[in-house]
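Have a look at the structure below before the remarks.
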Amino acid sequence: KMFSAARVSLALYDPKDDRLKITAARGLALSIVHDIKIQRGDWIIGRVFGSGNAVIVNDVRALPSPQSHHDRYRSQAFAVLPLTHRDQVLGVLSITDRRDGLAFGAPEQFVLNPIASIIGAALAGARTDAEIARLEHAASVDSLTGLVNRAYLDSRLQQEVARSKRQGTQFAVLMADIDDFKVINDTRGHQSGDAMLKGVGDIMRSAVRVFDVCARWGGDEFAVLMPNSDRASAIACAERIRL
């Protein structure tokens, strides 16, 4: 709104693909542009990302171009800004097609870099939060079965004990193991043993309520924490798993 721009796009760098991807757009159909991947140095967006320097053009007609698309825009001015944080370029902000038809004068140019810096810092913060969440998730999940691990279950169990005392509610804990699991490993190999552990984990997950907590306790042992559950409900759930 500050620049009265009809078209604004945000392209973020994806390190997995080593490409920029347009992740947000205004005045452009995201369904059209979301599959576009821009290499470092390609187009103005890629060049701004690669150089880390903003490009502000107040008359696109002055630029040499084999194809003219000037009539597609309301104005001949555009600004393409790198979004940086601590000298790292995270993405590129493009502002085009000003509704008022004006160029980017000194007042607008004065605020462009601070705006880009604020967006860059926000993106860095969001990425940090996402990475922390990813690491926390990885630390709480058993990589083989996809169930939570014992450390996470211990923490949830302490919370449930405290809640039960505070609110006077009941909860249940189921424990299970696989009979003769060592024999399976010894006769069929560890790959078969791993497949069985994963299969049992899938069975347990499918047999419980959505808010119950299934965990791999260790080795061939499993546990289920069932909040707000009485003895009869817990026994019925255990029997579904056993069957």
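All of the numbers you see were taken from the coordinates with simple rules; none came from a lab. Predicted, not measured: the structure shown is a model, and the values here were computed from it. Positions of Cβ are backbone-derived with ideal geometry, glycine not excepted, and every protein chain shown enters the neighbour counts.
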### Summary
Simple spin-label estimate for ALA236/ILE36, 7 Å along Cα→Cβ, in nm, reads 5.6 nm
### Task
For TRP217, list long-range residues whose amide hydrogen, built 1.01 Å from N in the peptide plane, is under 5 Å from its own amide hydrogen.
PHE222, ALA223
### Message
In the stretch 200-243, whose amide N lies under 11 Å from the spot 7 Å out along Cα-to-Cβ of ILE178? List them in ranges.
### Response
200-202, 219-222
### Within straight-line cross-link reach of LYS182, lysines at Cα separation under 23 Å, skipping those fewer than 8 residues along the same chain
LYS198
### Message
Between ARG156 and ALA121, how high is the FRET efficiency from 1/(1 + (r/R0)^6) when r is the Cβ-Cβ distance and R₀ = 35 Å? Nearest 0.05.
### Response
0.55
### Task
Mind ranking 81-92, 196-207 by how tightly packed they are, going by the mean number of other C-beta atoms within 10 angstrom, highest first?
81-92, 196-207
### Query
Using the Karplus equation 6.51 cos²θ - 1.76 cosθ + 1.60 (θ = phi - 60°), what ³J(HN,Hα) coupling, rounded to whole Hz, does each residue of the stretch 154-170 give in order, writing x for Gly and Pro?
4, 5, 5, 5, 4, 5, 6, 4, 5, 5, 5, 5, 6, 9, x, 9, 9
## Note on the structure
Quick calc: nm separation of the 7 Å Cα→Cβ label points for HIS190 and SER164 -> 3.6 nm
### Query
Given H placed on each backbone N at 1.01 Å, which residues far from VAL141 in sequence or on other chains put an amide H within less than 5 Å of it?
ASN149
